[in-house]
Amino acid sequence: MSAWVLPDHIADVLPSEARHIEELRRDLLDMARCYGYELVMPPLLEHLESLLSGAGEALDLQTFKLVDQLSGRMLGLRADSTPQVARIDAHLLNRAGVTRLCYCGPVLHTLPSAPHATREPMQFGAEIYGHAGLEADIEILSLALDNLRAAQLADPSIDLADARLLKALLAGVSLTQLQMSQLHSALAAKDSAELKNLAKDFPQDVRQGLLALVGLYGDQTVLKEARKVIPALPGVHESLQNLQCLADHLQGAKLTFDLADSRGYAYYTGVRFAIYAHGASDALVRGGRYDQVGAVFGRNRPAAGFSLDLKALVRVVRPRSLQAAIRAPWRDDGQLNTAIAALRSRGEIVVCVLPGHENEVDEFLCDRELIKVADQWVVQSV
């Protein structure tokens, strides 16, 4: 095998795509800053027990592991930045009130999350800690949508669910981990027959509610129907009301609901959302409320957030125009060099054309040139 062939699902990012990803990164971080989110940069490498503290089996399987040559301890290459940000909030900042943090950097996966996905996503995310109210859920979802607008994504679709709904239905039922896993699998597959079999010994109102969940997916009329067919067990009304409040706040957005969707049931503790777009094979953004994310670090306080992969996002948004630049000759001329330095100090891109390469095409659109007129270097349109 050739030495330059990369591993499966790992790829170089070439100039045009890299430029677009970098522009998106800056736009998304600027938008997060406008909301008051502070940038943090957690390390790519951590002690494994810290990196996987409180993480589910899926994250453990997605994490590359190696031995630290300095200490002999096991290290992990992060597969998700959220646990690291929770650690920062809990142990390094340790603020009493609300903390808003954002991040952007590569993560590594042992396996691709989808057939054509990369194993090295460029993960962008935002987290808000310290507020248990629905206001934090609304803010984090609003930021996610404004980030997609900044990326010029057309017509996103938002899918909403609430982890508390199923927890409310099962509050009085004792289940083993295997039974819980089987129950979630049946709900995900919309398998009424399997669900009926699994719930045959449950109280009647619980069984009725679980079977009703299977058909509760679609537009906002789902919430109205859910109030009719799901028994009014403690917590059910609150969960449905939270979803209705979010729907009211997102007037004009394309919304769907799937009340049987329990993905991330071991992780999410409240509202969960996924944002889809035309051309993407899977959700571009996933997020919601995960109040227990900091518990393993000693601070079990409210938390909500979202994350996305810039590499996946760049494939479905409109390509951006090349950056306008100024072409200049390469010459050992003090006056010319002073003029070029002055232009660059004002933020202009100045590409010096090396001798013999005057007609080569590059990543920049040179719509002006620096020429000498009456002993002065001036910029003129091409």
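Among the numbered criteria (1) in contact (Cβ under 8 Å) with a residue 40 or more places away in the chain; (2) under 21 Å from Gly133 (Cβ atoms), which single criterion is violated by Ala266?
Evaluating Ala266 over (1) in contact (Cβ under 8 Å) with a residue 40 or more places away in the chain; (2) under 21 Å from Gly133 (Cβ atoms) leaves (2) as the failure.
Any idea which of Leu145, Leu101, Leu160 is more than 22 Å from Val296 (Cβ to Cβ), open to solvent by less than 10 Å² (accessible area, probe 1.4 Å) and either part of a strand (DSSP E or B) or touching a strand residue (DSSP E or B) at 6+ places or on another chain (Cβ under 8 Å) (or both)?
Sole residue among the options that is more than 22 Å from Val296 (Cβ to Cβ), open to solvent by less than 10 Å² (accessible area, probe 1.4 Å) and either part of a strand (DSSP E or B) or touching a strand residue (DSSP E or B) at 6+ places or on another chain (Cβ under 8 Å) (or both): Leu160.
Please pick out the residue among Asp146, Asp137 that is in contact (Cβ under 8 Å) with a residue 12 or more places away in the chain, among the acidic types (Asp, Glu) and under 21 Å from Glu23 (Cβ atoms).
Asp146
Could you tell me whether Asp258 is open to solvent by 20 Å² or more (accessible area, probe 1.4 Å), of a type in the set (D, E, K, R) and more than 19 Å from the chain's Cα centre (by Cα)?
Considered against the rule, which asks whether it is open to solvent by 20 Å² or more (accessible area, probe 1.4 Å), of a type in the set (D, E, K, R) and more than 19 Å from the chain's Cα centre (by Cα), Asp258 comes out as yes.
Based on this model, can you work out whether Ser381 counts as open to solvent by 90 Å² or more (accessible area, probe 1.4 Å) and touching a Lys or Arg at 6+ places or on another chain (Cβ under 6 Å)?
yes
Could you count how many residues in the stretch 58-93 are open to solvent by 40 Å² or more (accessible area, probe 1.4 Å), of a type in the set (A, V, I, L, M, F, W, C) and at pLDDT below 95?
The total comes to 4.
The conditions are (1) out of contact with any His (no Cβ under 8 Å at 6 or more places or on another chain); (2) in a loop (DSSP other than H, G, I, E, B); (3) not aromatic (Phe, Trp, Tyr), and Leu313 fails exactly one of them. Which is it?
(2)
Here is a list: Ile128, Ile140. Which entry is open to solvent by less than 10 Å² (accessible area, probe 1.4 Å), more than 23 Å from Ser281 (Cα to Cα), assigned to a helix (DSSP H, G or I) and among the hydrophobic types (A, V, I, L, M, F, W, C)?
The conditions single out Ile140.
What's the number of the condition Leu24 fails, among (1) more than 30 Å from Asp362 (Cα to Cα); (2) aliphatic (A, V, I, L, M); (3) part of a helix (DSSP H, G or I)?
Among (1) more than 30 Å from Asp362 (Cα to Cα); (2) aliphatic (A, V, I, L, M); (3) part of a helix (DSSP H, G or I), the lone unmet condition for Leu24 is (1).
The values are calculated or read from the model by the stated rules, or taken from the named source; none is laboratory data. All values derive from a computational prediction rather than experimental measurement. In this analysis, Cβ positions are derived from the backbone assuming ideal geometry, glycine residues included, and neighbour counts consider all displayed protein chains. We work out accessible area using only protein heavy atoms, side chains counted, and drop any ligands, DNA or RNA first. Shrake-Rupley method; radii C 1.70, N 1.55, O 1.52, S 1.80 Å.
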